[in-house]
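Quick notes on the structure that follows.
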Amino acid sequence: MAELTPVELEYYQQGMDQNQRMTFMSHYNSQKKDRVIGLALSIIVGEFGVDRFYAGDVGLGILKLVTFGGCLVWWFVDLFLIMGRIDEVNRAKAHEIATMVRHGAVAPPHLPPGGGGYQYPQSGQPQGDPRGYANPKPRGEDGSPWDEKW
């Protein structure tokens, strides 16, 4: 099975408005598994089941861990199967996210009020810390935190 194509992603987004599409892509991109990472894990530490843990197959991961990759036979077979399994996981995740976005169960990516940028006061001059922290303590004439000179 091959990696998800743009046509498949478009299929999952059918009937969504622009905000829902952005929400879908944001959540999908943050949760999808990389097939190359899965293959690398399978090659390097697959005999311990790490590749199956990465794919979300916890039960199979535990079995591979306990049996040392099925005496390395299972490890060898998984070298050829793990990328297809990760593709299946990504398709299932895309379907799940699309369903949740359509039903409003997934919130859009959070932006602070005002669109996420620093809003300058009406005077045009920034007041206080742009990150929203309290104003710093007054400083002395030379910039030191003390008003008095020692």
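Okay, here's what the table says:
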quantity: Complete set of residues in the range 46-62 that are part of a loop (DSSP other than H, G, I, E, B) and surrounded by 18 or more Cβ atoms within 10 Å (Cβ to Cβ); calculated: 49
quantity: Filter result for residue 19 (touching a residue at least 60 places away in the same chain (Cβ under 8 Å), part of a helix (DSSP H, G or I) and loosely packed, with under 13 Cβ neighbours inside 10 Å); calculated: yes
quantity: Residue within the range 66-89 that is in contact with a Lys or Arg (Cβ under 9 Å, 6 or more places away or on another chain), crowded, with 19+ Cβ neighbours inside 10 Å, of a type in the set (Asp, Glu) and free of Cβ contacts under 8 Å to residues at least 40 places away in the same chain present; calculated: yes
quantity: The range 94-122 residues that are over 30 Å from residue 14 (Cβ atoms) and at pLDDT below 55, paired with ones that are loosely packed, with under 12 Cβ neighbours inside 10 Å and not aromatic (Phe, Trp, Tyr) (beta carbon under 6 Å, 6 or more apart); calculated: 118/130; 120/126; 121/127
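Okay, residues lined up against (1) among the hydrophobic types (A, V, I, L, M, F, W, C); (2) modelled with pLDDT under 95; (3) within 16 Å of residue 79 (Cα to Cα); (4) in contact with a Ser or Thr (Cβ under 9 Å, 6 or more places away or on another chain):
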| residue | (1), (2), (3), (4) |
| --- | --- |
| 1 | yes, yes, yes, no |
| 6 | no, yes, no, no |
| 9 | yes, yes, no, no |
| 15 | no, yes, no, no |
| 40 | yes, no, yes, no |
| 43 | yes, no, yes, no |
| 53 | yes, no, yes, no |
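The values are calculated or read from the model by the stated rules, or taken from the named source; none is laboratory data. It should be emphasised that the depicted structure is a prediction, and the values quoted were computed from it without experimental measurement. Heads up, the Cβs are rebuilt from the backbone with ideal geometry, glycines too, and the neighbour counts pull from every protein chain shown.
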